Amino acid sequence: MSAPRIGVLALQGAFREHVVLLRGLGADAVEVRTPDELERCSGLVLPGGESTTIGKLLVSSGLDTALRGYEGPLLGTCAGMILLAREASDGLPGQLLLGVIDIVVRRNGYGRQLHSFEADLELEGDAEPLHGVFIRAPPIEEVGADAHVFAHLEGEPVAVEQGRAIATSFHPELAGETRVHERFLERVRTAGAARV
């Protein structure tokens, strides 16, 4: 059985680390910049970066429309989480939000670049902490009834899932942490089996 083809949105931001990590987990990870490239992927990672810039590049590339029709599993980290959210409490007028996960986030709420930090997080169902890197990270201010929190930082939600999507405030890929991506790849495998 061939490895699933996983796209990593490569318009701006920290996408290369996701590609390397996914390949290390046995996935066929490819950079995605066009709707045609997205169409050939079984799942998509939306990486960290600058959410408003990524949103504008999604629109100019036509990927915004393609993403709205895309049915594969999604993983959003940091800025990617903002794109997947229902609302950004401090979002700019017209900022692109896909509304895939019922959460409200606040851009850069953990502080500017110089306030970046690393922390061990409480991971649901696992005694071993999940290590996360927070860089201009967005806190989750509100979690809707359909979204499920699976990791916390000092009691605050930092990782959520809903249906086919997973989102984190932090960068697991920068910590060399594989468990979030493994969770995502399991969704890809399940979705593929359901389509067969």
Stretched fully, the stretch from residue 60 through residue 119 gains (0.36 nm per residue minus C-alpha distance, one decimal, in nm) 17.6 nm
Just how large is the dipole of the chain about the Cα centre, in debye to the nearest 20, putting +1 at every Lys and Arg Cβ and -1 at every Asp and Glu Cβ?
-> 700 debye
Backbone HN-Hα couplings from phi across the stretch 41-58 [Karplus 6.51/-1.76/1.60, Hz, Gly and Pro as x] = 9, 7, x, 9, 9, 9, x, x, x, 10, 4, 5, 5, 4, x, 5, 5, 4
In the full protein assembly as shown, how much of residue 87 is accessible to a 1.4 Å probe, in Å² to the nearest 10?
-> 80 Å²
Which trypsin sites (Lys or Arg not before Pro) in the stretch 26-90 pass both tests, a DSSP loop state and at most 16 other beta-carbon atoms within 10 Å?
-> 33, 40
Relative contact order for the chain: what is it in percent, counting Cα pairs under 8 Å that are at least 6 residues apart?
-> 18 percent
Whenever you get a sec, line up 77, 52 from highest to lowest accessible area (probe 1.4 Å, protein heavy atoms).
-> 52, 77
Label-point separation, residue 92 to residue 104 (7 Å along Cα→Cβ), nm = 2.2 nm
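The values are calculated or read from the model by the stated rules, or taken from the named source; none is laboratory data. Note that the coordinates shown come from a computational prediction; the quantities given were computed from them, not determined experimentally. Positions of Cβ are generated from backbone atoms using ideal geometry, with glycine treated the same way; all protein chains shown enter the neighbour counts. Accessible surface is based on the protein model in full, side chains and every heavy atom, while ligands, DNA and RNA are left aside. Shrake-Rupley method; radii C 1.70, N 1.55, O 1.52, S 1.80 Å.
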